[in-house]
Structure formats: structure tokens, C-alpha cells
Amino acid sequence: MKLRNDIEQLRIEGERGRRCFYPNNHLQQQALAARLHGGQFIRPYRNMYARSEYWHALPPPEQARHIIRAMSHQYPNRVFAGLSAAAMLHLEYPWKLHHDESVFIASPRGRSTGTYSRLHHIVMRTAPTCTLVDHFGNGQFATSVIPETLASAAASGSNVADTVNIVRITTPARTLIDCGLRYPFVQALPMFDSAFRNNLVTRGQVLDLCNEVHIDCSCVLRLLHYANPLNENGGESLCYGTIIDEGFAVPQLQHVFIDPDNPWVRHRADFVWHTHDGRVIVLEYDGTRKYVDPKMTHRRGIQDVIRDERDREDALRRAKVTDIIRTTYDEVVQRTPLKRKLLDADVPMTVANPQYERCLDIRGRER
């Protein structure tokens, strides 16, 4: 009975701290192994456990955070890097990057023989770090980012009440560099957009660190050139990156159109091109949540949402928009359907029209 109560207490503490739990002794480990066969618990990582129903309800980035938080309790001095640090910073990126369930840590050396295959080392002599402190404030789970210079105070808990997790990660600038070096342009761009949108780092800080590391950062520089915090979510960033990667002109983002029949009504378009022959092309990115998430539909039915979209398109055409294109996440990922739509609408290509390249300021606006 005591053993069962001990495991239940570990589970409760783990779920409260939004992390996996792990056994403290051999008896607990044996008891958990028996429950694995019954399907009550799952082992998502070596020596880490979670309630099956609870675990499967978590999206992949949160599953990664649960593993990382548990690992930070097991190894307090470990510094998480790359995609693991991006997950802890709640950056936007395609969830499929977690397909192999890898964990990334900063290390002065490469992986040694016998190291767990899902634990990847990103080699760096001295890792620029910051500390994430998870705590409960007014009953709400919250995370504070603590500079490394104040990490000792965070570890002592003197400044934060009810601390539940302390996780060391690479700084946002180093995290973006590592992810920019590892992942394709369209997958890494949402990380850069969201980092700038949430004011976690500046372009200058990333550029300064690029100059310090002894690595070819040309792909990171390309990401810095095109990153735009005006993309409101990871889906828009993915679409924006795909447009650029396919060689189309860089669009304006979140352009506001005024309905001439109702001047008080304004509509923001996701992507806009103003061509030299006077055409105005709008591309709208439609995420599925736009039609099914009550928070985004304001609890209206799908037919009501679709009717509103038609009214919106009519208003855009009254505002002199000549072409309206709609695309979805699946079309963006497949690329060919999106590319065909852009070609059919005669969206300018950068190669043929270099003047369509744009230089953006820190807010994503054209200089």
C-alpha cells in the first residue's frame, strides 16, 4: 500500500509540475514496470513515466517539455540546446520535428560511446545560457527567464515563490543559431519569427553571436534577412517561408484594406503583392482552427464563418484587390498546390524582378 501511495504521489507532483516523473528506488521501478504492461502508465523516455491518458492528450512540444523538465531534476547542471531549448522557449515550429523524440544538450565534446541514442550533443566550448524557472503565482503556472548572472538566486528560490522546475537552456540567440544550422529554411523560419515577435532576442544579438562562433552561419543570415514578426503564428511563417523558398516575391504582411462602402470597416490580409502593372494580389492562409476552434469562430457555426469570409472577400474587391488566393496548411506543406495557385495568379518572381526584395526593420515593416 505504501509503495502504491508513493508512486501516486510522484505522479501527482509530476503532473502539477508539468513533467514526467521517475522512481526513486528499485522497488518503485519494479512496480512501475508492472504497471506499464497494464497500460496505466507509459515510459516516454528512459527511466521516465507518465499516466497514459494524460500523456497522449499533450501536443508534441509539451511532451518534449515534460521530458526536459524531468531530466533537469535528474541532471541539474545539464544545459538543453537546439530544438529542446526552442520547445522550452515556446517558439513556433512544425511539430513533426519531434518525430524521433530526441533531446538536445550543449556539450564541450561530442557524444561518447554508450550514450543513449535519443540524447544528442551539440558541441560548443562555452554555452551561453539562461535559466527558466517554472513557478506558481496566484495559482497560475508561469515561467520566468532568468539571465545566467542571476541563476544562483533562481536556484536558491529566494526570488520565486513555489518553484517547481529550474531548467538551464542556451540563450535565445544561440538556440536560433543551432536550429537555423540544423533545419531547413521553412522549418526554422517560424522559430525566428516567434522569437522576434515575443521580444526574446533581437536580430543584432543573433548576428553578434554569429560573428563569435566558428561556424558557417550563411543559412542563419538568410533567416535573419527574411524573418518577420508580423507573421502571427507558425502556420503563416511556414507559408511565408515557402513563398520565399519557391522564388516568389516577398509579400507585404498584415496589410490593412479599408472598405470604401464602409470606411469604418478594416480588413487585414495575410500576404499582399502590389505589382507594377497595377494589380493587387492577396493570399489568405486558412488554418483549420479558423473554422473549428470556438475561440476563433466566437462559437459561430461553420456556415456563418464561411459567409463572413465571402463578405470579407467582397469588401477586399471593393478596395481594389484584383486577385484573392486561399491556401491551407496541407497545400503549403505539399508546396506544389500553393505554387500552382501563385503561378496562376501571376505573382511576381524574385528572380525575374529583384526589386521585389525588401529590407525590413525590427518590427517587420519595410524600410
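Just so it is clear, none of the values below were taken in a lab; they were calculated from the coordinates. In this text the structure is predicted, and so the values were computed from the model without any measurement. Every residue, glycine as well, gets a Cβ built from its backbone with ideal geometry; the counts of neighbours run over all protein chains shown.
Say each of His276 and Thr350 gets a label point 7 Å from the Cα, pointing the same way as Cα to Cβ; how far apart are those two points in nm?
Computed distance between label sites His276 and Thr350 equals 1.8 nm.
Can you give the FRET efficiency to the nearest 0.05 for Arg317 and Asp286, using r as the Cβ-Cβ distance and R₀ = 25 Å? Working shown, then result.
On the way: r = 18 Å, r/R0 = 0.72.
So, using R0 = 25 Å, E works out to roughly 0.90.
Once the piece of chain linking Asn211 and Asn47 is laid out straight, how much longer is it, given 0.36 nm per residue of separation minus the C-alpha distance between them?
Values: separation 164, 0.36 × 164 = 59.04 nm, distance 3.97 nm.
Full extension of this stretch gives 55.1 nm more.
With a point put 7 Å past each Cα toward its Cβ, work out how far Asp6 is from Ser117 in nm, to one decimal.
With each label point 7 Å from Cα toward Cβ, the separation is 3.2 nm.
Suppose R0 equals 45 Å. What FRET efficiency, 1/(1 + (r/R0)^6) with r the Cβ-Cβ distance, do His56 and Asp245 give to the nearest 0.05?
On the way: r = 34 Å, r/R0 = 0.75.
Efficiency for this residue pair is about 0.85.
Taking θ as phi - 60°, what are the ³J(HN,Hα) couplings along region 55-72 by the Karplus curve (6.51, -1.76, 1.60), each to the nearest whole Hz, with x for Gly and Pro?
5, 6, 7, 8, x, x, x, 6, 4, 4, 5, 4, 5, 5, 4, 5, 5, 5
Please turn the phi angles of region 173-178 into ³J(HN,Hα) values with the Karplus equation 6.51 cos²θ - 1.76 cosθ + 1.60 (θ = phi - 60°), one per residue in order, whole Hz, x for glycine and proline.
Computed from phi, the couplings for region 173-178 are 4, 5, 4, 5, 4, 4 Hz.
Determine the shape class of region 1-134: with a ≥ b ≥ c the square roots of the Cα gyration tensor eigenvalues, call it rounded for a/c under 1.5, and otherwise prolate if a/b is greater than b/c, oblate otherwise. The partial results should precede the final answer.
Values: a/c = 1.90, a/b = 1.62, b/c = 1.17.
Prolate shape, in that a/c is at least 1.5 and a/b is the bigger ratio.
What are the ³J(HN,Hα) values, in whole Hz, obtained from phi via the Karplus relation 6.51 cos²θ - 1.76 cosθ + 1.60 with θ = phi - 60°, for each residue of region 239-245 in sequence order, with x given for Gly and Pro?
Those phi angles translate into 5, 4, x, 5, 4, 5, 5 Hz.
Provide, for q = 0.21 Å⁻¹, the log10 of I(q)/I(0) from a solvent-free Debye sum over equal Cα point scatterers in region 170-291.
Computed log10 I(q)/I(0) values: -1.16.
Going Cα to Cα from Lys320, which aspartates and glutamates come in below 20 Å? Please leave out same-chain ones fewer than 8 positions away.
Qualifying aspartates and glutamates at Cα under 20 Å: Asp259, Asp261, Asp270, Asp277, Glu284, Asp308, Glu309, Asp311, Asp344, Asp346.
Work out how much length Cys219 to His26 would gain on full extension: take 0.36 nm times their residue separation and subtract the Cα-Cα distance, in nm to one decimal. Before the final figure, lay out each step's value.
Values: separation 193, 0.36 × 193 = 69.48 nm, distance 4.77 nm.
Stretched out fully, the Cys219 to His26 stretch lengthens by 64.7 nm.
Give me, ordered by chain and number, the residues 5 or more places off Val164 or on other chains with an amide H under 5 Å from its own placed amide H.
Residues meeting the amide H criterion: Asp134, His135, Phe136.
Assuming R0 = 35 Å, what is the FRET efficiency of Ala34 and Phe141, from their Cβ-Cβ distance, to the nearest 0.05? Can you show the working numbers first?
Details: r = 31 Å, r/R0 = 0.89.
Taking R0 as 35 Å, the efficiency between Ala34 and Phe141 is 0.65.
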